[in-house]
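One structure is given below, encoded as structure tokens.
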Amino acid sequence: MSQINHNTLTLPIACKFVASALSYPERRAIYVDQTFYTYSDLWKIVLSIYNRIPTNKTYTTIGIYCYNDVATYASIIAIGLYGAAYVPLNNKFPVIRNKHITEQCELELILSSEENDMLNELKGNAKFVFTRSSIPFRDEDASDNTNCYDAKSYQKVEQEYSCILFTSGTTGVPKGVPLSHKNLNTFFDFQLKNYDFNKEDRFLQVYELTFDVSIFSFLMPLLVGGCCYVVPDKGIKFSTIVQMLKEHKITIVSMVPALLNYLINYLPEIHLPDLRFSIFSGDALYHDMAVLWSKCTPNGVIENFYGPTETTIVCFRHPFEEQKSAVESVNGIVPIGKPFDGIEFKIVNEEGNKTDNGELCLRGTQVISHYLHHANPDKFILLDNKVWYKTGDVVTMNSNGNLCFLGRTDSQVKISGFRIELSEIEFALASITSKRTVVLCLTDQNKINSLHAFIETTEVYENEIKEQLATLLPYYMIPVEIIPVGTFPLNVNGKVDRNKLLLLSQKQKC
């Protein structure tokens, strides 16, 4: 990994937390696991974990086996101060998936607040440091550095990346998205310049830490002296989110639009006068759902954000206005809007030529130039002697200069904001059944997406197959149903006719 010089864009974003910790020591920084921690508390926990990182060698990447506790969140900051890239490992994911990630990142150190059997299966060449003993923190771990004002003095490694996140891969193996310090600093600089987030704000953190928007929900409040409220990882999540929005008078929330679909029957009863900004990203925001949510937040602003992980969280925005969006929405979907500062875009056809309706390609200081180990190089193309990222999203520009989402060029879908390659599920199913498989994403009347699998066989043992899938894929990639089809119908080109498969499944239910 390349060496860098210290400047405003290449300094780890976690270092900026130090200024808030010193400016607002007694203010609340984070609420997690039903406990408030002040900036002073969190700072000392961060230093305690930082001082547990072994000193016998340096690490350019450090894994975090993620739990919903303060030690996990403090570990993100501690690794940032150290200068390494953090790699979140989801404790809900199958061992084999986390193993793919640890191997791709060549992790030699993993932090975890808990010990469990799965960690032993991940071990390989990695050393584990358990951070639970940092809570409550030990004074001797923090006393030497508590009053240090120079965050750069903590850096033991100077390298390009801030974190490495993983998305679904077409070959059955997740692909790594390395986000640099420059990527993240550019993103946060834009947010701080264009929004009046401040120390009085209370942010709700609804995402798993392997989901890119969690970076915004966790770190943004810590940059402005506000407080991050972490949604518990138990119970009915959408119900808990609404409860916390009310109980803690949350002022800023970022959510996937799909959440509104689950709340459809409760929206008329929800009243959130304290909510200043509702930020939606990760999937299509439907106009009618945005209208219903706007009635719940009479004093708030709704922003529709867009951006794949490869563009560092989000890189387009569209302020929602009911009347304008009613006119501009395409297929009922609110526009994704205009790009952030420093983001360039092109709309191209299959030959890479400019077109009115086509694939959206992006470049700029928020956009990565390659995947980890240069996987899937076809997603990065050279146009006008510049490298562009091919999003796979089909868009068009309307008369107001706003981009509108039209669909996908491939089989990638979204489930509750998670990007899923249908071919990855098909690959896993085929490995289990040794049969031809097809997976479709269907949308119900409430606009909720779900996965449905078809196997070319006369009989399936659905529960058994789902259990085996759970050892290979994350929970959100498990189809809700698995349907046997004796012989797949084919179209005139000899390919599986997916529309006829859908009709077959509907007939079976009648």
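FRET efficiency for the ALA470 to ASN499 pair, using the beta carbon distance and R₀ = 35 Å, is estimated at 0.75.
Computed from the Cβ-Cβ distance with R0 of 45 Å, the FRET efficiency linking GLU247 to LEU490 stands at 0.20. With all projection directions averaged, the alpha carbon convex hull of the stretch 1-117 covers 8.5 nm².
With all protein chains in place and a 1.4 Å probe, the accessible surface of the chain carries 48 percent carbon and sulfur.
Once both labels are positioned 7 Å from their Cα atoms along Cα-to-Cβ, the gap between TYR461 and ASP189 label points is 5.9 nm.
Three semi-axes describe the equivalent ellipsoid of the stretch 302-389; taken as square roots of 5 times the Cα gyration tensor eigenvalues and ordered largest first, they are 26, 16, 11 Å. Approximating the spin labels as points 7 Å out from Cα along Cα→Cβ, the VAL387-to-ALA19 distance works out to 3.0 nm. Packing here is the average count of other Cβ atoms within 10 Å per residue, and on that basis the peptides 465-474, 264-273, highest first, run 465-474, 264-273.
When the P(r) is computed for the chain, the part past 31 Å accounts for 47% of the Cα-Cα pairs. Take every DSSP beta bridge whose two residues both sit in the chain; close to 60 percent of them are antiparallel. Across the stretch 347-357, coupling constants 3J(HN,Hα) worked out from phi with the 6.51/-1.76/1.60 Karplus curve, θ = phi - 60°, read 10, 10, 8, 4, 8, x, 8, 4, 8, 7, 10 Hz, and Gly and Pro carry x. Per residue, the chain exposes 43 Å² of accessible surface when a 1.4 Å probe is rolled over the protein heavy atoms with every protein chain present. Each Cα pair under 8 Å and six or more residues apart adds its sequence gap; the mean of these over the residue count of the chain is a relative contact order of 12 percent. Potential lengthening of the chain between ILE264 and THR10 amounts to 87.1 nm, from the contour at 0.36 nm per residue minus the alpha-carbon distance. Residues within the reach of a label modelled at VAL480 (point 7 angstrom out along Cα to beta-carbon, backbone nitrogen below 12 Å), restricted to the stretch 408-433, are 416. Could you list log10 I(q)/I(0) for the stretch 192-277 at q = 0.11, 0.21 Å⁻¹, which the Debye formula gives when each Cα is one point scatterer? Evaluating at q = 0.11, 0.21 Å⁻¹ gives log10 I(q)/I(0) of -0.29, -1.05. Of all lysines in the structure, those lying under 20 Å Cα to Cα from LYS354, and not within fewer than 8 positions of it along the same chain, are LYS338, LYS346, LYS379, LYS386, LYS390. With a 1.4 Å probe rolled over the protein heavy atoms of all chains, the accessible area of THR38, THR312, THR365 falls in the order THR365, THR38, THR312, largest first.
The values are calculated or read from the model by the stated rules, or taken from the named source; none is laboratory data. Here the structure is a predicted model, which means the values were calculated and not measured. Every residue, glycine as well, gets a Cβ built from its backbone with ideal geometry; the counts of neighbours run over all protein chains shown. These area figures cover heavy atoms from the full protein model, side chains too; ligands, DNA and RNA do not enter into them. Shrake-Rupley method; radii C 1.70, N 1.55, O 1.52, S 1.80 Å.
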